[in-house]
Structure formats: structure tokens, C-alpha cells
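Pasting a structure below so you can have a look.
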Amino acid sequence: MDIGKAFGYVFEDENWVVKVLIGALSVLLGVVVYTASWVSGTLLTMVIRVPIGVIFSVVGFMGLLFTVGYVVEVVRNVADGHTRPLPDWTKFFEGKVRKGFTLLLAGLVYNIPFILITLCAGITSLALSGGRYGDSGPVIAIQILAGCLSFLYGLLLLIILPAVVVQFAIGGTFASCFQFARILEFITTRLGDYVIALLVMIAVLIVAIIVGIITCFIGILVTGFYTLLVFGHLCGQLARLPGASGLPQPRAV
């Protein structure tokens, strides 16, 4: 693993400024536009806030698709050994949008257990309390149990996230995100490097959040996208490690 390369490869591309700025704009669409959608829904009348909210939501979702799809291409380029793995912002709809949508859909499926835990805890708490407001001992116990289960499952998702992203970047299909035997093999055959990469990703994310807070969340547009680029390169490096297995058959890009 070349940790320094993951941080420096962006600046080796002759067009890195333009590419990063477009990426920051993509993050802006995905985050700020959703905020504007919420504000418009709060301040405007029902007649105009519904269409405006829909427009904002669609634009914001497209920005999210662009960003996720771009990172997937970074992973694939690094895994394929490209000397300049930072992709161009081209082939939006047949490339980045499709890849971003597929991976986000897989992420939605992975979040179903969170929904089930919340629903089961809510229904059980309601039954134990007899439909009355107020927390009893059993209800509190159920809520604590649900919180612990959610935390443990969230930790599991954090651990397998890089492996899932690599599986999709290489395999290119929705099903490749759920090949659990390969995901486990991918992690275990490169466990030391995998743990190091995961810790670096978490550290970079924390720094990006701190920078965003210090700059009143303006800097997070650039640092957030840069964090994703570092994440993508580390994932691609994991896929290229010699002697490791657990990768699907490559799909043409």
C-alpha cells in the first residue's frame, strides 16, 4: 500500500484543478440543493413549494450520482494500473450516472436492516406500553437493544464498505455488491493492508469534517470530494495487491 500516493495522485493530473472543481460542484449539488429543497418546503406556499422541491431534489440526486459514479471510476482506473487514474468528466449518463445509481441502490438495500430494527423496536415498544406515552423499563430496554444492534450493524457496514465498492467497480453489476463470499475473501486475504486503508479513510474523513466546520462548511465542498478521491485510490490499491484474491471477473467499462 502506498498511502502517500493516495493523497498525491490527484495533483499529478495536468487537469486536476478543473476536475476537482467540477467534483466540488457535484458535491454542492448533492448537499446544498437538498438543503434548499428543505428550505423551500418550509418557507414557500404549497402551490409552488412542491414543484420547486421536486426540481431541487432531482438536481441534488443527480449531483450525488455524478460524485459516486466518478469515485467508482477512480477505483477501477487504479485497479487497472492507469498512471493517471483521475477520470475525465465525460460520459455522464451511460457512465457515471449508471454506476452511481447502481451503487446507491445497493447501499439502500444494505440499509434495510436499519429500517427493520427501527420498525421492530417501535412496534414492540408500542405493544409493551399499551399505546400509552411514557417510557417504562421494558420499553427503555428495547430502545437500548435497538440502538446497540444499529451501532453494531453500522460498524459492520463501515468495515465492508471498501470491499463492496471494489467488488462493484471491478464486477460492474448490482449483484457483485452482494457476493458475500468474495467480499469476505477480499478482506481476509489482505487483512493487514485493509485495516490500514480503513483507518486512513476514517482519519481523512474526520479531518475533512473538521475543516468543513472551521470554514463554515464551505471548505467541505472541496475537502469532501478530495476525501472521496483518496478513498477511491486506496480501494483501487487494495484490488491491485499481489497474491490477494476475492475479486469478481472484470466487466468492460
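Only the coordinates and a few stated rules stand behind these numbers; no lab work does. Note that this is a predicted model, so its numbers are computed, not measured. Here the Cβ is made from the backbone with ideal geometry for all residues, glycine too, and neighbour counts use every protein chain on show.
If packing is taken as the average number of other Cβ atoms within 10 Å across a peptide's residues, how do 141-152, 172-183 rank, most packed first? Present the calculation step by step, with values, prior to reporting the outcome.
Numbers: 141-152: 14.1, 172-183: 16.4.
So the order, starting with the most tightly packed, is 172-183, 141-152.
Applying the Karplus parametrisation 6.51 cos²θ - 1.76 cosθ + 1.60 with θ = phi - 60° to the phi angles of segment 226-240, what ³J(HN,Hα) value in whole Hz is obtained for each residue in order, glycine and proline being reported as x?
4, 4, 5, 5, 4, 4, x, 5, 5, 4, x, 5, 4, 5, 8
Could you tell me which of rounded, prolate or oblate describes segment 157-239, using a ≥ b ≥ c as the square roots of the eigenvalues of the alpha-carbon gyration tensor, with rounded for a/c under 1.5 and, failing that, prolate when a/b is larger than b/c and oblate otherwise?
Values: a/c = 2.88, a/b = 1.98, b/c = 1.46.
It comes out prolate by the Cα gyration axes.
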